[in-house]
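The values are calculated or read from the model by the stated rules, or taken from the named source; none is laboratory data. Since the structure is predicted, the reported quantities are computational estimates derived from the model, not experimental observations. All Cβ positions, even for glycine, are placed from backbone atoms using ideal geometry, and neighbour counts span all protein chains on display. Quick note on the areas: whole protein, heavy atoms, side chains included, nothing else; ligands and nucleic acids left out. Shrake-Rupley method; radii C 1.70, N 1.55, O 1.52, S 1.80 Å.
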Amino acid sequence: DRNPSVSSMQIAGSIPLPVVTEAQWLRDLLLSENPDRSVEVVLNGVDKEIFTEKHNPHTPEEGFTVLIEGSLDAVAKNTAYAIESSLRSTQATTITHVGNRPFATEDSRYHFIQSGVSFQQMAELYRSHHVQVKTPLAEGMFGPPLEGFHCGLPAIVTPVTGAEEYIEDGVNSIVVLWDDTAGVGRAIDSLAENHDLWKRLQKGARKTAELWPNWDAQASL
């Protein structure tokens, strides 16, 4: 089983209380184990004052930059895979990693930023890159690609649990598999070489962000 969240949700589901959760797959799991339970889904809101495009990100004509966020020590985040796969790209000019420690590579395109940056700094990183690569093995409903969408940044992602809440392959993202490092590199190259495709995914990311609830809407629900 790729998803350790399943066992923890089974334990949580055994507590005799109504439940509010963040994704449909979690609701379905809880109800399958506890069909008499009251379970509601409330999507994670986004602070649209911070995570906003402000201005159009620079165009791919100026180079093609990749952003990766995640700890190298959290197995479920699968960050090393995202970095290794991105380094397979021939067209990426910069690969920025925000994490707990640097990845071991001599590739001069790799740039490390220590985690702990502010929301505002993270939003600026989203705005200043061309694509985000996020390849987790397990999530409830992962937030970084969605935050990136609000900043005009499309994504390359794995079909992890929770992705179905907002990820659409070929619309706002490119979906890749967990065992295809070359495929991730090719996906990056396809966006770097096909600016119309990149712009189409960026447009889809903006549309997804436009329809997504903000923090006040989440709080009300």
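Can you compute the charge dipole magnitude of the chain about its Cα centre, using +1 on each Lys and Arg Cβ and -1 on each Asp and Glu Cβ, nothing else charged? Give it in debye, rounded to the nearest 20.
With only Lys, Arg, Asp and Glu charged at Cβ, the dipole is about 260 debye.
Using just the alpha carbons, could you tell me how many Å³ per residue the convex hull of segment 123-173 encloses? Kindly include the intermediate steps, with their values, before the conclusion.
Values: hull volume 3.3 nm³, N = 51.
Convex hull of Cα atoms, per residue: 66 Å³.
Apply the Karplus curve 6.51 cos²θ - 1.76 cosθ + 1.60, θ = phi - 60°, to the phi angles in segment 36-45 and return the couplings in whole Hz, x for Gly and Pro.
Karplus-based 3J(HN,Hα) across segment 36-45 equals 8, 7, 8, 10, 10, 9, 10, 5, 4, x Hz.
Give the whole-number value, in cubic angstrom per residue, of the convex hull volume spanned by the C-alpha atoms of segment 84-187. Don't skip to the answer; put the middle values down first.
On the way: hull volume 11.3 nm³, N = 104.
Spread over its residues, the Cα hull of segment 84-187 gives 109 Å³ apiece.
Tell me, what HN-Hα J-couplings in whole Hz come from the Karplus equation 6.51 cos²θ - 1.76 cosθ + 1.60 at θ = phi - 60° for each residue of segment 158-173, using x for Gly and Pro?
8, x, 6, 4, x, 4, 5, 5, 8, 7, 10, 4, x, 10, 10, 8
With no solvent and one equal point scatterer placed on each C-alpha of segment 137-221, evaluate the Debye formula and give log10 I(q)/I(0) for q = 0.22, 0.24, 0.25 Å⁻¹, two decimals.
Rounded to two decimals, the profile gives -1.07, -1.22, -1.28.
Quantify, in whole percent, the carbon and sulfur part of the accessible surface of the chain (1.4 Å probe; protein heavy atoms only). Present the calculation step by step, with values, prior to reporting the outcome.
On the way: 5430 of 10500 Å².
Taking all protein chains in place, the chain shows 52 percent carbon and sulfur surface.
Per residue, how many Å² of accessible area does the chain show with a 1.4 Å probe? Present the calculation step by step, with values, prior to reporting the outcome.
Details: 10500 Å² over 221 residues.
Per residue, the chain has 48 Å² of solvent-accessible surface.
Run lengths n ≥ 4 of DSSP H only: what is the helix-derived mean residue ellipticity at 222 nm for the chain, with -39500 (n - 2.57) per run over all residues, to the nearest 500?
Working: 8 runs with 79 residues, N = 221.
Value at 222 nm, helices only, nearest 500: -10500 deg cm²/dmol.
By average Cβ neighbour count within 10 Å, what is the ranking of 84-92, 175-183 from highest down?
Values: 84-92: 19.8, 175-183: 14.6.
The densest-packed peptide leads the list: 84-92, 175-183.
What is the diffusion coefficient of the chain in µm²/s, taking the Kirkwood radius over Cα pairs and the Stokes-Einstein relation at 25 °C with a viscosity of 0.890 mPa s?
Working: Rh = 18.0 Å.
Estimated diffusion coefficient is 136 µm²/s.
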